[in-house]
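Chemist: Structure provided below as structure tokens; questions to follow.
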Amino acid sequence: MKISFNWLKDFTDLPELPADDIANRFTMACAEVEDIITVGDELKKVVIAQITAIKPHPDANKLNLVTFIYNEKKDTKEVVCGAPNVKVGLKVPFAPIGTTLPNGLTLEPRKIRGILSDGMLCSEVELGLGFGKAGLLELPEEAPIGKSLQEYYDISSDVVLEIDNKSLTHRPDLWGHYGIAREFAAIFDNSLKNPFDQNWISSLEKKFGESSASPIKIKVDKDSAGLAYFGLSIDKVKIGPTPSWMKNRLEAVGLRSINNIVDISNYVMLELGVPLHIFDREKIMGSTISIEQVKDKTTFTTLDEQKRELIPGDTIICDEKEPLVLAGIMGGLNSSVSESTTKIFIEVANWKAHEIRLTSTRLGLRTDSSSRYEKSLDSTLCYRTLLRTASYILDLCSEAVVIGSVEYDGVDLSLIKDKEMQVDYNFIRETLGKDVDDKKISSILASLDIKVCPLKESVFNLIIPTYRVTKDIEYPQDIVEEIGRVIGYDNIVDTPPMAAVHPSRLSQPLKTRRMIQDFLTQHAQCLEVFTYPLVGEELLKNINWTELNKDLVLVNALSQTADRMRPTLIGSAIEVASLNTKNFSSFKFFEHGRVYKTKSGKDFNREVNQVLIGYYQSNNTPFIELNNTVEDLCGNLGLPFSLEEKNEKFPSEIVDYKWDGLHPFEFMNIKIMGKNKGSIFSLHPLLLKKFKIKGHLSLAIIELE
């Protein structure tokens, strides 16, 4: 998001500091400034010139040598130019050597096909004044030769801060210049100018008529994403060019000027942070605008001339015949303002944040509006936004008149209350580790529009405005953050924490796990590995595992190779071995992992902790060595155990005896406290061959439950 210094000065005074210092202070106190951009100064050196002669370039068919006068003395220069619209008598911009253009290019003396070009005749794209027109920028005949383009277009110099949007995600009140100005006022201890007081509101409301005269009524369906919807009709609007002061500010922050009405809607959004939409009222069928959910799948053409597929659950704004707007995201092409528009309807609304985000994400359509609505805007700010829009239209269109009054439907706005919170200032000081007096804390909170009412001693009752409680201030700790960031965290002296540290005993499961880790690493020389608890169906089929865990498949899996919870550690162990056999002739490893058993009948799915030990040798089977390790491990843990051969009457809880991945002879059950809680086995040579493992791999798996 881009913020203009000139715009901020409408609401607060900025300190007499370099832009870098201001940006650094704002970064430390509020949000990260990613870039500082100076606009307007580039056009100081660009002057108006008039072409007097043209002759072909001797060594290039598509280039010309253009002679022109560029000052009142009628001094001439010659440049190489390839523009298609060059002609004698044309007045165009001339950038002399040393000029730095808005695109960052600094003009230097250079030869073009052997001829030195003394500067450059410019297009509107090169000057940052347009968006793609080919050829030189053609100026009117009355344009005075030698006058700078900055002066001719009345472009004032400005400094623009580019702020990282992610750092404002929790601050929907800062998505406009007025909210940012409040932060600047608090940070630099200046006053905030409030042009939106009750006198301003009353003066505008006097221009409204009766509600009965309103040509458009509003109906918000309770099942829709609509929270609040304001509308106002204005007639005798004249579409025309935008005043230079407004155009300059919009273009400084990256928006292209279109016409006065469209620009007003963009300007107010960037000023107050609440999006709005302006309809051509003559394109609205009937006298009612409805906010409702889509009932059936349908297509809708948005302002960017793209057809969007809407599904049931999406919210749209409709007239009595067809959809007009994709709520909270983008208007429709069928009701947009055009050059012939004379009657308009202003919409200012608020929407349920999560529903706007879902629709925007599904369509892949992220706009200035959706990015603001998904932050949870305050519905009480909509009326002020509507009045601000109406005031600009009435000022810039002298004959415009309001028809009827403001129409509204949605939630009862009187129920949206400021949040009250009791905070002990001693708690703020103790948490920050800085002695800030009560008066300073109250002053900072007041500058942030938080009302302070003393209760007793250092305890105060705070009244927090509605626009700060949508997803921001909830607890006293949030107030501590407000004070800390304004005084500057860099102004808080570091002190070591004084807190008692008490050792805690390990739980029995964790103690057992530590003992297993210590034994296997120190005595068995095993390396611990970690594998993902997610596997793919292909791996389970490759090891011929019958339990595919189809009931435990993720809805939003990142890939098919990790789309379900694993039913066994064996597949992961084989992959580990397959990878390492490329570099080692023998190795030992172990893993503490979880496996997931699918439910049977009414039972829940089970998550089981296991330890797997894997021994690999390229020449001889490590089965006997692994048996010895398991015996030593169980003895070290003090477990009553025994190793027993297969017995069909007592199935293994680890692996099915009929699994064709088992070695036909090398298998033992681990019986702990009289129950089969583990198995030791080697893998069948055919299974190893499938994974390109040359040698012998033996595994031991013990359930730790």
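Chemist: Highest mean first, how do 115-123, 208-216 rank when packing is the count of other Cβ atoms within 10 Å averaged over residues?
Modeler: In descending order of packing, they fall as 115-123, 208-216.
Chemist: While we're looking at this one, here's another question. Mind checking the log10 I(q)/I(0) for region 388-480 at q = 0.12, 0.17, 0.18, 0.24 Å⁻¹? Debye, one equal scatterer per Cα, no solvent, two decimals.
Modeler: -0.56, -0.78, -0.83, -1.23
Chemist: Å³ per residue of the Cα convex hull, for the chain?
Modeler: Details: hull volume 200.7 nm³, N = 705.
Spelled out: Cα convex hull of the chain, divided by residues, is 285 Å³.
Chemist: How do the peptides 575-588, 309-322 rank, highest first, by the average count of neighbouring beta carbon atoms within 10 Å per residue?
Modeler: Packing order, densest peptide first, comes out as 309-322, 575-588.
Chemist: Tell me, what % of the accessible area of region 1-58 is carbon and sulfur with a 1.4 angstrom probe?
Modeler: Details: 1300 of 2750 Å².
After summing per-atom areas, the C and S share lands at 47 percent.
Chemist: Which value results when the Cα radius of gyration for region 433-520 is divided by 2.2 N^0.38 Å? Provide the component values of the computation, followed by the final result.
Modeler: On the way: Rg = 21.7 Å, N = 88, 2.2 N^0.38 = 12.1 Å.
Taking N as the residue count of region 433-520, the ratio is 1.80.
Chemist: Relative to the Cα centre, what is the charge dipole magnitude of region 345-504, using +1 at the beta carbon of each Lys and Arg, -1 at the beta carbon of each Asp and Glu, and rounding to the nearest 20 debye?
Modeler: Dipole of region 345-504, to the nearest 20 debye: 260 debye.
Chemist: Would you calculate the volume per residue, in Å³, of the smallest convex hull containing every Cα atom of region 335-386?
Modeler: Enclosed volume per residue, from the Cα hull, is 103 Å³.
Chemist: Give me the Kirkwood hydrodynamic radius of region 556-635 in Å, from all C-alpha pairs, to one decimal place?
Modeler: 15.0
Chemist: If each Cα of region 504-564 is one equal point scatterer, what is log10 of I(q)/I(0) from the Debye formula at q = 0.17, 0.23 Å⁻¹?
Modeler: -0.77, -0.85
Chemist: For a quick protection proxy, order the peptides 361-372, 523-534 by their average other-Cβ count within 10 Å, most packed first.
Modeler: My ranking of the peptides, most packed first, is 361-372, 523-534.
Chemist: Expressed as a fraction of 2.2 N^0.38 Å, the rule-of-thumb size for a compact globular protein of N residues, what is the C-alpha radius of gyration of region 590-696? Please list the in-between numbers first.
Modeler: On the way: Rg = 15.0 Å, N = 107, 2.2 N^0.38 = 13.0 Å.
For region 590-696, the normalised Cα radius of gyration comes out at 1.15.
Chemist: What FRET efficiency do you get for Arg513 and Glu538 if R0 is 35 Å and r is their Cβ-Cβ distance, rounded to the nearest 0.05?
Modeler: 0.65
Chemist: Then there is this: Just to be sure I follow: if Rg is taken over the C-alpha atoms of region 231-365 and Rh is the Kirkwood radius over the same atoms, what is Rg/Rh?
Modeler: 0.97
Chemist: Additional query: Once you have all Cα-Cα distances for region 1-77, histogram them in 10 Å bins from zero and send the whole-percent values.
Modeler: Going out from 0 Å in 10 Å bins, region 1-77 shows 14, 28, 16, 14, 20, 9, 0 percent.
Chemist: Thinking of region 367-414 as a set of Cα atoms, what percent of all their pairs are more than 17 Å apart? Could the numbers behind the result be given before it?
Modeler: Numbers: 586 of 1128 pairs.
Result: 52 percent of Cα pairs exceed 17 Å.
Chemist: Percent antiparallel among DSSP beta bridges with both residues in the chain, to the nearest 5?
Modeler: 95
Chemist: Here's another thing I want to ask about it. Give me the mean projected area, in nm² to one decimal, of the convex hull enclosing the Cα positions of region 78-232.
Modeler: 18.4
The values are calculated or read from the model by the stated rules, or taken from the named source; none is laboratory data. This one's a predicted model, so the numbers in the text were calculated from it and none came from an experiment. Don't worry about glycine lacking a Cβ; one is built from the backbone with ideal geometry, like all the others, and counts go over all protein chains shown. Protein only, heavy atoms only, side chains kept; ligands, DNA and RNA dropped before computing areas. Shrake-Rupley method; radii C 1.70, N 1.55, O 1.52, S 1.80 Å.
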